[in-house]
Amino acid sequence: MPKIILDDPDQTLSMLRESVETLATRVDGAARLRRRRADGGDLDRDLWSEMAAAGWLGLLLPEDMGGSALGPAELAVLAEGLGRNLLTEPFAALAVLPGQVLSAIGTPAAAAIAQGLADGSRITPLLWQDARGARAPLTLAGSGEAMTLSGSAHFVTAAASATDLLVLSERDGVPALVVLPARNGPAGSGGITVSSRPGLDGATIGQVTLSEVAVTQDQILAQGDAVETALSAAIQITRFALAAELAGVGAKALEDTVAYTRDRVQFGQSIASFQVIQHRLVDMWSDAEFACSAVTNAVEMLTEDTPDAAAQAVLAAKARTGDSAVTITRRAIHLHGAMGFTDECNIGLFNKRAITLNAMLGQSEDLRLEFLAQEMATKSTAA
């Protein structure tokens, strides 16, 4: 079956794959998803702690921030494994994205937060998007000890479970990254209001409103171009992690569907023997193979440190894997027949997870437009 294939001379990737599979044998991802959905929670702290203990949350962070200082190949294998096993804790949004922002900032205060993120003791979602996924109007006003932060951010991961909030704000048109104590997330505490609504994949979609929240100078982690640079790099690597997870979701949905069609008997024979079913499975297989290949290409571009090529490869991988996973899981539901539409059948959960991941940090069509814009800019510069 399709999977992300990478060189593994020291067997590091194999060991990482095995660690994900070992956890998956003890943790039923689908059951955890259903339980979290029923409880209305936004994070399974026990599972999150296990992921921290395995070193996954700090995979990319430098060692002096409590991380493992590993690279794109290891990230791809880990994220693919999470997707295949339907381990839906928000690894990309809650570990990779804020972790890479903090790592790029690199100040002692940022490093301290990153260490807590790596060991699982701090839950630090990034507040930066509005209701349409664009930059949220979060404003830092005042000066000295009389500064306040106001605005509303949407699509906040684990908003209710947060211990800290990383807020991408603006002060007189200059970007500023501010850390706020979440005060355990109770609505209306210290000018911070947290609300949420159910998401497709068992998680919740958070909204945080800040109303003149007091800010001290030492809560400003960075200002100026460094903030924009850190965010841009973090978004790129997070899109890459999402692409690898989507590739895993699609590949596993295909694998389960192949197994189901072999076992399902109609008219005295396996439905996998019917030509029309075989054609659909081949279409799904080719989509999954192309998705895994796109991630492999992105790994190579990121590893070769070719910024323009890497940026375009990541956009292509996220667009390709997003379309692929959504298409494969929809076809998989169809091939499972009526039971595929029931909540008891796991294949529907893969579809919901694919839709959710595909929407994060840009739908496929938006990423393709961004790819074209970057490609034209690169050609214009070269000319």
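The values are calculated or read from the model by the stated rules, or taken from the named source; none is laboratory data. Only a predicted model underlies this, so the values are computations on that prediction, with no experimental measurement involved. Here Cβ is always computed from backbone atoms with ideal geometry, including for glycine, and neighbour counts include all displayed protein chains. Note: accessible area is taken over every heavy atom of the protein model, side chains too, but ligands, DNA and RNA are not part of it. Shrake-Rupley method; radii C 1.70, N 1.55, O 1.52, S 1.80 Å.
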Within segment 353-366, does at least one residue satisfy the condition of being within 14 Å of ALA311 (Cβ to Cβ) and touching a Leu at 6+ places or on another chain (Cβ under 6 Å)?
no
Residues that are small (Gly, Ala, Ser), touching a helix residue (DSSP H, G or I) at 6+ places or on another chain (Cβ under 9 Å) and at pLDDT 90 or above, drawn from segment 185-231
ALA222, ALA226, ALA230
Yes or no: segment 233-249 includes at least one residue that is open to solvent by less than 30 Å² (accessible area, probe 1.4 Å), assigned to a helix (DSSP H, G or I), in contact (Cβ under 8 Å) with a residue 60 or more places away in the chain and among the acidic types (Asp, Glu).
yes
Hey, LEU57 open to solvent by 60 Å² or more (accessible area, probe 1.4 Å), in contact with a Leu (Cβ under 8 Å, 6 or more places away or on another chain) and modelled with pLDDT of 95 or more or not
no
Within segment 256-287, tally of residues that are open to solvent by 50 Å² or more (accessible area, probe 1.4 Å), of a type in the set (Gly, Ala, Ser) and either in a helix (DSSP H, G or I) or under 19 Å from SER324 (Cβ atoms) (or both)
1
SER68, sole failed condition from (1) open to solvent by 10 Å² or more (accessible area, probe 1.4 Å); (2) part of a helix (DSSP H, G or I)
(2)
Kindly establish whether GLU89 is in a helix (DSSP H, G or I) and within 30 Å of GLN11 (Cα to Cα).
no
With the structure loaded, tell me whether LEU149 is of a type outside the set (Val, Ile, Thr) and open to solvent by less than 10 Å² (accessible area, probe 1.4 Å) or whether it fails that test.
yes
When residues of segment 38-54 are filtered for being at pLDDT 90 or above and assigned to a helix (DSSP H, G or I), how many remain?
9
Which is open to solvent by 60 Å² or more (accessible area, probe 1.4 Å) and closer than 28 Å to TRP128 by Cα, of LEU315, LEU369, LEU357?
LEU369
Identify the residue in segment 1-37 that is basic (Lys, Arg) and assigned to a helix (DSSP H, G or I) and, among all such residues, is nearest to MET284 (Cα to Cα).
ARG17
